[in-house]
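Enquirer: This is the structure I want to talk about, given as structure tokens.
Bear in mind that the values in this text are calculations on the coordinates, not laboratory data. Keep in mind that what you see is a predicted model, and the values were worked out from it rather than measured. Heads up, the Cβs are rebuilt from the backbone with ideal geometry, glycines too, and the neighbour counts pull from every protein chain shown.
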Amino acid sequence: MDHGFPFDEVNPFTCEPVGRDFEDSSNTWKNDAMGNFSLTLFDSLDTFVVIGDKQGFWRNVQLIKDTYTDFDIDSNIQVFETNIRILGGLLSAHLYASDERRGFSIDNYDGFLLKLAYDMGKRLVLAFENKSGVPFPRTNLKYGPQKVPKNLQREQCTAGITSLILEFGLLSRLTNDPIFELVSRRTYLNLWSSKTGLGFLPMSVDARSNVFTDQVTGVGASIDSFYEYALKYSILFDDEVFSEIWQQSYQSLLTYSQNSNRIFANIHVSNGATAREWIDALGAFFPGLLVLAGDLDNAFHFYLVYFKLWNSYGAIPERWDFSGSRWEFSRREQKTFHPHVPLMGLTLDETKDLLMKDSVLLEWFPLRPEFVESTYFLYRATKDPFFLRVGEAILERYETDFRAPCGFAGIEDIRIGTRQSRMESFVLSETLKYLYLLFDDENDLHNTNGAAVFSTEAHPFWFDEKLKIYDLKQDIQIPKTQDKGVLEEFWNRLFANPEPQEVDIQFAKLRNETAMFPDYVSLIMTPESENALIKANVKYPDDLEYGKRFYVSPKVYEILKPSLITVATNEVLDSMGLTLDPDYLGLNTCRRVLLSRPFLKSKILEYPLLYKLDYKYQPSLQSPGYYRNTSDVEIADNFYSLFGDNQMVSYPSQTSEQFDALIGTLDKVTKTQIYRIKAGPEYDLEKSAVVPILPQDLYVPQFDNLRMSFERLEPGRINAFGGAIQTDDYNCTLRLLKLNGYNLDEEDIVWVDQNWFQTANRYANIRFSSNGFVTINGESVMNLRIIPNLGGAQV
Ligand code: DMJ
């Protein structure tokens, strides 16, 4: 504040204030976020709250009151960045300033922060004034989106289109003006309705034509907060439509994108094939999101990859390649890398440098928050000291290496360690906030009364009926002379002769146009949905053929829903009194972690596959020279000796062959019904198969449309769980490892209905053996077993 205010940022090395690039309007690296509106201050208002600095919060809120009455600024800014940083910052600060329950409320507060938020909202929402149906990526705060050069208005991304719903939703609900939520929600649902058969949205969109400009998807840059906001919006506003979007899209990711090392890889949206074998720094938020979704297991496994990156670089490269196939190394010498054998003609260090340079695809680290964010969420969910140790290591880097005279400065080139002379506003609003929260067990945000959903910029949001609603909806009239003709004419006139009230006029026009639109749920016409429509007596057009999309209101959807879910029955299962749970991936349940570790011990240090990734991605996990002699975070003496166990073991790495297989049609995979067997009465061995059916096992009534991953059980090799493979009693040569997004545990069994084999099996190479195993191409699968139908073959 001493050096930067009222500018957007401060140069951490020179202490000079930093603002937009007025010379070069195409410098989006700076100008997208720096709108000449004291960005860092707005973005970090609630950081004062989180660190418990009441005076700091009040003082800076007052400063804003004294400095800003609106955002009538002639700046072209990016809508997404301004939404999450400025609007999000204002909304969170307003909640704290107005809600007495949180202990930071301001006496005689008149809601001016919300009024400022409303002003910003009115300016941002104009980006939706686009005939193509998707918002423009940028807008001019004073004149609207048409003032932005056209070449900056084409490239839009999925995250940019869909990540307004949380802030806009909250703004609408707090101001009683529905336009923000309606527009952003409709746009989100529209985009979602154009997902591929596998349930994916590509990452890039042309904003002028509303056409996808690539065919790839993942969880990192350009699409990250699409997933994040589906889940967070559903939590904040208790919205089932968005909860289902989260579940469907996550199920697709688990099924098609998650690779055998639990990395969510970039894949082709239409066929699920791996498209690019890299992950980026932004994707490091995903484990944290999975904690929120209640999937700790996948959260932890994906986190491990980023943890290994931190061990290798003391930072997270903006983009990191894990493929192995593009390496200069393999071009030079066709053999696997061995940590102690240099390439011909090179020293070992030079060899490692070569590998490291090949795997760092984008070399900067601007102190992004995502890895700290996930560390924080995993610690809150597990309380395992391992995550505190990681936090400590991160903190050490900030204190010794990232500190600068006026703040913190990240890395410009990870490969050589040069520094970046910039401190983005998210360092104070997100990175340091999460780091602080990780160590502050008593923080209000950790109490039930302080519960909040963090926006993608880490602004705490909450919403309930006790909050005061400020009715800010203004009745703005569009002047008669301008309220006619085509849109183009309207804009031309407006910009030819800008009026002081122009934003209000544009805003009123947008509101008029969007007042009446359906807040719909999109469904695909299938025999099931047709049945549901008939059963619920809902009228639908005659020409609604199978495969066509149709829209219903949330109300109608609620009526249809029960008939859309079919629950299979099986006489044998019925006779055992077991019940089936269609939510086999557990997406509706939050699985609690059993804190069965002894006091002051880390369960993670006992995880025998902790080093699996080091082996698997060894060539890509080479440290840069300046970081090569740094020891791994978890084996730092003072941590390892205190929290480790002298029983610690590391399993040998998997050497069994692993491969994927598909039965049926790819785009039907996520629609195949699979059930988890729920707890039931005592198991009756008399009536049972050779191996008891246990709760947690899976049941597949139709052995079709399945995407599976197998390992070959070749005696002498090491299996996926780190055990030596021995000759199996049942003579099985395969083990199922993954089924439609579900990663099987070593003991899990998948039960298949024998009835299907006898009545509907169209595959000559899928059979079952006399001792009850499913056989594929003549090979028995040890954990795929038949549930006999009554009177059927003996099992
Ligand atoms: C932040 O501004 C937000 O987290 C956003 O969603 C993407 N990432 C940056 C920081 O990395």
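Enquirer: Roughly what % of DSSP beta bridges within the chain run antiparallel, to the nearest 5? Provide the component values of the computation, followed by the final result.
Expert: Details: 55 of 63 bridges.
So the antiparallel bridges amount to about 85 percent of the total.
Enquirer: Which links in LYS308/LYS603; LYS548/LYS671; LYS232/LYS535; LYS232/LYS539 stretch past 24 Å when you go from one Cα to the other?
Expert: Details: LYS308/LYS603 18 Å; LYS548/LYS671 16 Å; LYS232/LYS535 33 Å; LYS232/LYS539 33 Å.
Result: LYS232/LYS535; LYS232/LYS539 exceed 24 Å.
Enquirer: Still on this model: Could you please rank LEU510, LEU395, LEU171, placing first whichever residue has the fewest other Cβ atoms within 10 Å of its Cβ?
Expert: Details: LEU510 19, LEU395 16, LEU171 30.
Ascending number of Cβ neighbours within 10 Å: LEU395, LEU510, LEU171.
Enquirer: Nearest 10 degrees, 0 to 90: what angle lies between the long axis of helix 240-252 and the longest principal axis of the chain (Cα atoms)?
Expert: 50
Enquirer: Taking Cα centroids, how far is region 339-394 from region 242-258 in Å?
Expert: 27
Enquirer: Separate question: To the nearest 20 debye, what is the magnitude of the charge dipole of region 123-281 about its Cα centre, counting +1 on the Cβ of each Lys and Arg and -1 on the Cβ of each Asp and Glu? Spell out each step's value before the answer.
Expert: Numbers: 15 positive and 15 negative charges, 128 e Å.
So the magnitude is around 620 debye.
Enquirer: Once both axes come from the Cα atoms, what is the angle between helix 179-192 and the longest principal axis of the chain, in degrees from 0 to 90, rounded to 10?
Expert: 30
Enquirer: Only counting other Cβ atoms within 10 Å, I'd like TRP462, TRP320 sorted with the fewest neighbours first.
Expert: Working: TRP462 17, TRP320 26.
So the residues, fewest neighbours to most, are TRP462, TRP320.
Enquirer: Of THR672, THR589, how do they rank once you tally other Cβ atoms within 10 Å and put the fewest first? Kindly include the intermediate steps, with their values, before the conclusion.
Expert: Numbers: THR672 20, THR589 12.
Lowest count first: THR589, THR672.
Enquirer: Right, another one. Under 4.7 Å Cβ to Cβ, no partner at all: give me those cysteines from the chain, in residue order.
Expert: Cys with no partner Cβ under 4.7 Å: CYS157, CYS590, CYS732.
Enquirer: For n ≥ 4 DSSP H runs only, could you compute -39500 (n - 2.57) per run for the chain, divide by its residues and tell me the 222 nm figure to the nearest 500? Don't skip to the answer; put the middle values down first.
Expert: Details: 27 runs with 257 residues, N = 795.
It comes out at -9500 deg cm²/dmol, rounded to the nearest 500.
Enquirer: So how strong a dipole does region 94-155 carry about its Cα centre when Lys and Arg Cβ are +1 and Asp and Glu Cβ are -1, to the nearest 20 debye? Each step should come with its number before you reach the end.
Expert: Numbers: 11 positive and 7 negative charges, 108 e Å.
Using Cβ point charges on Lys, Arg, Asp and Glu, region 94-155 gives about 520 debye.
Enquirer: If you fit an axis through the alpha-carbon atoms of helix 370-382 and take the longest principal axis of the Cα set of the chain, what angle between them do you get, 0 to 90°, nearest 10?
Expert: The angle comes out at about 60 degrees.
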